[in-house]
Amino acid sequence: MDLFDSTYIGNLKVKNHFIRSATFEGKANKDGSPTNEILSIYQDLAKGGVGTIITSYAYITDYEQPEKYQLGIHKDELIDSYKNLVDMVHSYDTKIIMQIAHGSSHSQAYPETAKILGPSAVPHPTSNIRPKEMTRQEIQNVIKSFADASQRVKDAGFDGVQIHCAHWYLLSQFISPLFNKRTDSYGGGTENRLRIVMEVYQAVREKVGPDFPIWVKINSTDQEPDGLTVEDFLQMSKHLSKAGIDAIEISGQWRKFDLDERLYYKDAAIKLSKIVDTPIILTGGVRSIDDMAKVYGSSTVNLFGLSRPLLKDPAYIKSLI
Ligand SMILES: Cc1cc2nc3c(=O)[nH]c(=O)nc-3n(C[C@H](O)[C@H](O)[C@H](O)COP(=O)(O)O)c2cc1C
């Protein structure tokens, strides 16, 4: 197998095995639409040879937004604003997936007016923001927001949607015992903590149909005592795989690693590849073909996500040849 050969991620044909993992720019218009500056960033990436681009995380409701100048996909009026971007990326034979996210207590661009929701009223360890514990109605509303946003992603011409369930934003708070102290059916064991994610997946699938790629980016561990374990992650991913998710991108609290560390989640990815057939994307500390060879030489994991190397040099993939 050659990482520069075309392959399929589920039913999506991509020109190579390299994926730009979601990377926030802070350069969108105030209404969430992409600027020419964003277009130019994605053009450099597409020219630079990456097979698939996952957009920066886009917010999906009008009551909260993790960062200022973030992409948004929370209203129908934004659909047309993405068409140039998608067409431009496609003109380089590059695929583009939109990542969609619900924020919570990780960060809020406009905290004075935001409705800050979480699984439980547990303060976030980095922002110290204490969210409001969600009612069951609010859970249903969030599920609907993910589904409606995914329909817009499809209507704008993207090749797929990625559900953000990593980095201690809302959905990854639900799967984590550090944040999720609920005693109803959305808290407790792994199946209960995953419930909202499964319901989001099912609602999105109902909206976009059987063929539209739905990916997830998920924490493989909280890297904290009493937090989400790799064992929890494996069980949860098995459920997602069985439900029909098209790709699983593996992540975690990547900021805790030193810059010279490599392949942070390699072991989790290899373990997962032994129990599911779903394509797996390994992201975090992937820095060279030799790094990747260590993984695809000894497992079925052969898709690699990169963020910081492509921030530094959008043509990084070409430099690997
Ligand atoms: C500036 C910056 C912005 C990021 N924005 C996002 C984002 O919007 N969504 C996301 O899931 N991850 C985001 N990440 C995390 C990356 O996708 C990736 O998981 C992490 O950087 C580890 O990969 P790397 O070692 O290749 O950088 C961001 C990372 C950086 C450096």
Using the structure shown, decide if residue 18 is closer than 22 Å to residue 285 by Cα and open to solvent by 10 Å² or more (accessible area, probe 1.4 Å).
no
Among 77, 67, which is open to solvent by 40 Å² or more (accessible area, probe 1.4 Å) and within 13 Å of the ligand (Cβ to nearest atom)?
67
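Within the stretch 291-321, can you find the residues that are among the charged types (D, E, K, R) and within 16 Å of the ligand (Cβ to nearest atom)?
In the first step, residues of the stretch 291-321 are kept if they are among the charged types (D, E, K, R); the result is 291, 294, 308, 312-313, 318.
Scanning the stretch 291-321 gives 291, 294, 308, 312, 313.
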Residue set 217, 207, 238, 242; condition closer than 24 Å to residue 53 by Cα and open to solvent by 20 Å² or more (accessible area, probe 1.4 Å); output residue 207
Quick one: how many residues across the stretch 249-269 are free of Cβ contacts under 8 Å to residues at least 12 places away in the same chain and either within 22 Å of residue 99 (Cβ to Cβ) or within 16 Å of the chain's Cα centre (by Cα) (or both)?
1
Look at residue 144 and say whether it is open to solvent by 40 Å² or more (accessible area, probe 1.4 Å), free of Cβ contacts under 8 Å to residues at least 60 places away in the same chain, more than 20 Å from residue 254 (Cβ to Cβ) and away from the ligand (no atom under 16 Å from the Cβ).
yes
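Does any residue of the stretch 99-122 turn out to be of a type in the set (Ser, Thr, Tyr), touching a helix residue (DSSP H, G or I) at 6+ places or on another chain (Cβ under 7 Å) and touching a residue at least 24 places away in the same chain (Cβ under 8 Å)? Can you show your working first?
So in the stretch 99-122, the residues of a type in the set (Ser, Thr, Tyr) come out as 104-105, 107, 110, 113, 120.
Next, only the ones that are touching a helix residue (DSSP H, G or I) at 6+ places or on another chain (Cβ under 7 Å) stay: 104.
Add one more test, that the residue is touching a residue at least 24 places away in the same chain (Cβ under 8 Å), and what stays is 104.
Yes: one or more hits.
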Go through the stretch 238-263 and count every residue that is at pLDDT 95 or above, polar (S, T, N, Q) and more than 15 Å from residue 9 (Cβ to Cβ).
1
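Condition check ((1) modelled with pLDDT under 95; (2) closer than 25 Å to residue 83 by Cα; (3) touching a strand residue (DSSP E or B) at 6+ places or on another chain (Cβ under 8 Å)) across all residues:
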residue: 138; (1), (2), (3): no, no, yes
residue: 154; (1), (2), (3): no, yes, yes
residue: 172; (1), (2), (3): no, no, yes
residue: 179; (1), (2), (3): no, no, yes
residue: 196; (1), (2), (3): no, no, no
residue: 222; (1), (2), (3): no, no, no
residue: 227; (1), (2), (3): no, no, no
residue: 232; (1), (2), (3): no, no, no
residue: 236; (1), (2), (3): no, no, yes
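Which of the residues belonging to the stretch 172-183 are open to solvent by less than 40 Å² (accessible area, probe 1.4 Å) and farther than 18 Å from residue 268 by Cβ?
Once the filter is applied, which keeps residues that are open to solvent by less than 40 Å² (accessible area, probe 1.4 Å) and farther than 18 Å from residue 268 by Cβ, the stretch 172-183 yields 173, 174, 179, 180, 182.
In the stretch 34-67, which residues are closer than 18 Å to residue 103 by Cα and under 19 Å from the mean Cα position of the chain (by Cα)?
From the stretch 34-67, those closer than 18 Å to residue 103 by Cα are 54-67; that's our starting set.
Within the stretch 34-67, 54, 55, 56, 57, 58, 59, 60, 61, 64, 65, 66, 67 meet the criteria.
From the list 106, 124, which one is open to solvent by less than 40 Å² (accessible area, probe 1.4 Å) and either assigned to a loop (DSSP other than H, G, I, E, B) or of a type outside the set (D, E, K, R) (or both)?
Testing whether each residue is open to solvent by less than 40 Å² (accessible area, probe 1.4 Å) and either assigned to a loop (DSSP other than H, G, I, E, B) or of a type outside the set (D, E, K, R) (or both) leaves just 124.
When you check residue 10 against the structure, is it within 12 Å of the ligand (Cβ to nearest atom), small (Gly, Ala, Ser) and out of contact with any helix residue (DSSP H, G or I) (no Cβ under 7 Å at 6 or more places or on another chain), yes or no? Give the derivation first.
Details: within 12 Å of the ligand (Cβ to nearest atom): no; small (Gly, Ala, Ser): yes; out of contact with any helix residue (DSSP H, G or I) (no Cβ under 7 Å at 6 or more places or on another chain): yes.
Here the answer is no, as residue 10 does not meet what is asked.
From the list 53, 41, which residue is within 14 Å of the ligand (Cβ to nearest atom) and in a strand (DSSP E or B)?
Values: 41 fails: in a strand (DSSP E or B).
Only one candidate qualifies: 53.
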Somewhere in the stretch 264-278, is a residue at pLDDT 95 or above, closer than 21 Å to residue 162 by Cα, in a loop (DSSP other than H, G, I, E, B) and open to solvent by 60 Å² or more (accessible area, probe 1.4 Å)?
yes
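Residues 53, 100: which one is at pLDDT 95 or above, open to solvent by less than 10 Å² (accessible area, probe 1.4 Å) and within 30 Å of residue 177 (Cβ to Cβ)? Give the steps one after another, and end with the answer.
On the way: 53 fails: within 30 Å of residue 177 (Cβ to Cβ).
From the options 53, 100, the qualifying one is 100.
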Looking at the stretch 280-306, which of the residues that are open to solvent by 30 Å² or more (accessible area, probe 1.4 Å) and touching a residue at least 40 places away in the same chain (Cβ under 8 Å) is nearest to residue 242 (Cα to Cα)?
302
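The values are calculated or read from the model by the stated rules, or taken from the named source; none is laboratory data. Here the structure is a predicted model, which means the values were calculated and not measured. With ideal geometry, Cβ positions are generated from the backbone for all residues, glycine too; neighbour counts draw on all protein chains shown. Protein only, heavy atoms only, side chains kept; ligands, DNA and RNA dropped before computing areas. Shrake-Rupley method; radii C 1.70, N 1.55, O 1.52, S 1.80 Å.
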